[in-house]
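The values are calculated or read from the model by the stated rules, or taken from the named source; none is laboratory data. These figures come from a predicted structure and were not determined experimentally. Neighbour counts are summed over all protein chains in view; Cβ atoms, including those assigned to glycine, are modelled from backbone coordinates with ideal geometry.
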């Protein structure tokens, strides 16, 4: 990573830079994500043993020592950096649940390949949910509109079939979306019939002050509403 000085454009226009495909990061560079204000965009689905070898990628070819440092998501967070979740679609799956599970376990979410890719780089579930929600919204200057369930924000919500905080990590990748609401528009009938969730939407597709998401309803991927 080069050593640029903060630019006038960044200071004036609040540019929010990020670097993706962070397979190998020098340990000396990890603190610089925070110091330079650069977001680390990790493709977490690649973070399990032998996956990179199957893709004929660089980590195994660089040796065991380098492989230990592959996709250093936990180290980046510990150093004060902001991480977001990305994919390498269509080379690999765009499914966020598989990527979240892999980041939490550092193991193959399908169970087909054995082994752990550097257990020290495991991150907790809340961190990965933030990476795919509020951190991503912040990166594109939309943290005031979406990325979390709060009064006045756009009602962009997904309801899933399980509370991710109450299941074994090995089941995260099996998560299914039951309902998608975009800007307050969606068919709530199935959700109501299943008694998974109830809420009141405010005008203009915003989340109203009486919004309620039950513990089994994973709007924002399993996090309860703060509204």
Any hit, the range 168-175, residues being in contact with a strand residue (DSSP E or B) (Cβ under 6 Å, 6 or more places away or on another chain), in contact (Cβ under 8 Å) with a residue 60 or more places away in the chain, crowded, with 17+ Cβ neighbours inside 10 Å and farther than 26 Å from residue 19 by Cβ:
yes
Helices (runs of 4 or more DSSP H) contained in the range 1-89 and holding at least 1 residues modelled with pLDDT under 90 and in contact with a strand residue (DSSP E or B) (Cβ under 8 Å, 6 or more places away or on another chain):
51-54, 58-61, 64-68
Report whether or not residue 162 is assigned by TED's automatic domain parsing to the domain that holds residue 178, outside any helix (DSSP H, G or I) and more than 20 Å from residue 22 (Cβ to Cβ).
yes
Could you please give the count of residues in the range 92-119 that are at pLDDT below 95 and outside any loop (DSSP other than H, G, I, E, B)?
1
Count of the range 165-182 residues which are closer than 28 Å to residue 14 by Cβ and either under 18 Å from the mean Cα position of the chain (by Cα) or part of a helix (DSSP H, G or I) (or both)
0
From the residues in the range 83-103 that are surrounded by fewer than 21 Cβ atoms within 10 Å (Cβ to Cβ) and within 23 Å of residue 38 (Cβ to Cβ), which one is nearest to the chain's Cα centre (by Cα)?
87
Is it true that residue 160 is over 21 Å from residue 83 (Cβ atoms) and surrounded by 19 or more Cβ atoms within 10 Å (Cβ to Cβ)?
yes
Check off (1) assigned to a loop (DSSP other than H, G, I, E, B); (2) modelled with pLDDT of 95 or more for residue 151 and give me the number that stays unchecked.
(2)
For residue 136: the one exception among (1) at pLDDT 95 or above; (2) more than 26 Å from residue 178 (Cβ to Cβ):
(2)
